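The values are calculated or read from the model by the stated rules, or taken from the named source; none is laboratory data. Here the structure is a predicted model, which means the values were calculated and not measured. Heads up, the Cβs are rebuilt from the backbone with ideal geometry, glycines too, and the neighbour counts pull from every protein chain shown. Accessible surface is based on the protein model in full, side chains and every heavy atom, while ligands, DNA and RNA are left aside. Shrake-Rupley method; radii C 1.70, N 1.55, O 1.52, S 1.80 Å.
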Amino acid sequence: MTYIVALTGGIASGKSTVAELFASRQIEIIDADLIAREVVEPGQPALAKIKDHFGDQVLLKDGQLDRKKLREIIFSIPQHKQWLNNLLHPLIQQRTQQRIAQCSGQWCLWVVPLLVENQLQHLAQRVIVVDSEEEKQIDRVCERDGISRSQALAIIHSQATRQQRLAIADDVIDNNLSKSALAEKVSQLILTYNQLASEDKERDL
């Protein structure tokens, strides 16, 4: 069985940058966000159900999901968010487990932004948290997504708190690190996980 290291953090905390550093070292990546996009592509059953529930307003002219519109709806009406979560999370989790089962290495990195919110930490043997100050997150997400400060705050406050994430962390990566320091931290963690995965495999024999 593949040893699973989960990588999580709040929105715009720097998860993608960290994941790219692991990928550059040939570590297999299972990205929950990418899988979440796959399950709502045109032709997928989930997109048809979303259209039936919310109407054509959540579709772009080319038939793709209008993520910005859907985000506005679910953040204004909590019941809609719960409905969407109930639809998508089992599909995402099922596909995630399939991808993990296909991994060829001793361990893989599972990038999952809502690890704490969905209480999925028990599915990983190790958890990395990319830690960021809230003000930095706000600045980054406003610049990246072109949204207002109030919208950014609403998203951040809908997620787990910084303290809740740190409480379940086995390893913490500070997003204030320089690029070279960040790369060095990732190198150290890879050595650690190679050792832990090897020990885990020996116990299973």
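No other residue among Glu143, Glu72, Glu135 is in a helix (DSSP H, G or I), free of Cβ contacts under 8 Å to residues at least 12 places away in the same chain, open to solvent by 50 Å² or more (accessible area, probe 1.4 Å) and over 26 Å from Ala181 (Cα atoms) apart from Glu72. Please verify whether segment 38-50 includes one or more residues that are touching a residue at least 40 places away in the same chain (Cβ under 8 Å) and in contact with a strand residue (DSSP E or B) (Cβ under 7 Å, 6 or more places away or on another chain). Yes, because at least one residue in segment 38-50 is touching a residue at least 40 places away in the same chain (Cβ under 8 Å) and in contact with a strand residue (DSSP E or B) (Cβ under 7 Å, 6 or more places away or on another chain).
Reported count of residues in segment 1-18, each being under 15 Å from Arg126 (Cα atoms) and either at pLDDT 95 or above or among the hydroxyl-bearing types (Ser, Thr, Tyr) (or both), is 8.
When you scan segment 51-66, how many residues do you find that are part of a helix (DSSP H, G or I) and touching a residue at least 12 places away in the same chain (Cβ under 8 Å)?
Selection size over segment 51-66: 4.
For Val129, are the conditions met, namely being among the aliphatic types (A, V, I, L, M), buried (at least 17 other Cβ atoms within 10 Å of the Cβ) and within 20 Å of the chain's Cα centre (by Cα)? For Val129, the condition - among the aliphatic types (A, V, I, L, M), buried (at least 17 other Cβ atoms within 10 Å of the Cβ) and within 20 Å of the chain's Cα centre (by Cα) - is met. Of everything listed in (1) touching a residue at least 40 places away in the same chain (Cβ under 8 Å); (2) of a type in the set (S, T, N, Q); (3) under 17 Å from Gln159 (Cα atoms), the single unmet condition for Gln79 is (1). The residues of segment 164-204 that are under 18 Å from Val129 (Cα atoms), assigned to a helix (DSSP H, G or I) and not aliphatic (A, V, I, L, M), listed by number, are Gln164, Arg165, Lys179, Glu184, Lys185, Ser187, Gln188, Thr192, Tyr193.
Say we look at segment 155-205 and pick out the residues that are β-branched (Val, Ile, Thr) and closer than 20 Å to Phe22 by Cβ; which of these is farthest from the chain's Cα centre (by Cα)?
The first filter runs over segment 155-205 and keeps only residues β-branched (Val, Ile, Thr), leaving 155-156, 161, 168, 172-173, 186, 190, 192.
When the remaining residues are screened for being closer than 20 Å to Phe22 by Cβ, the result is 168, 172-173, 186, 190, 192.
Values: Ile168: 15, Val172: 16, Ile173: 15, Val186: 18, Ile190: 19, Thr192: 22 Å.
Filtering first and then ranking leaves Thr192.
List the number of the failed condition for Val40; all other conditions in (1) open to solvent by less than 70 Å² (accessible area, probe 1.4 Å); (2) in a loop (DSSP other than H, G, I, E, B); (3) modelled with pLDDT under 95; (4) hydrophobic (A, V, I, L, M, F, W, C) hold. Here Val40 meets the rest and fails (3).
When you go through Ile100, Ile29, Ile4 one by one, which is the residue that is open to solvent by 30 Å² or more (accessible area, probe 1.4 Å), touching a Phe, Trp or Tyr at 6+ places or on another chain (Cβ under 8 Å), of a type in the set (A, V, I, L, M, F, W, C) and touching a residue at least 60 places away in the same chain (Cβ under 8 Å)? Of the residues listed, the single one that is open to solvent by 30 Å² or more (accessible area, probe 1.4 Å), touching a Phe, Trp or Tyr at 6+ places or on another chain (Cβ under 8 Å), of a type in the set (A, V, I, L, M, F, W, C) and touching a residue at least 60 places away in the same chain (Cβ under 8 Å) is Ile29.
Given the conditions (1) outside any helix (DSSP H, G or I); (2) of a type in the set (A, V, I, L, M); (3) under 23 Å from Gln93 (Cβ atoms), report the number of the one that Ile155 does not fulfil. All conditions are met except number (1).
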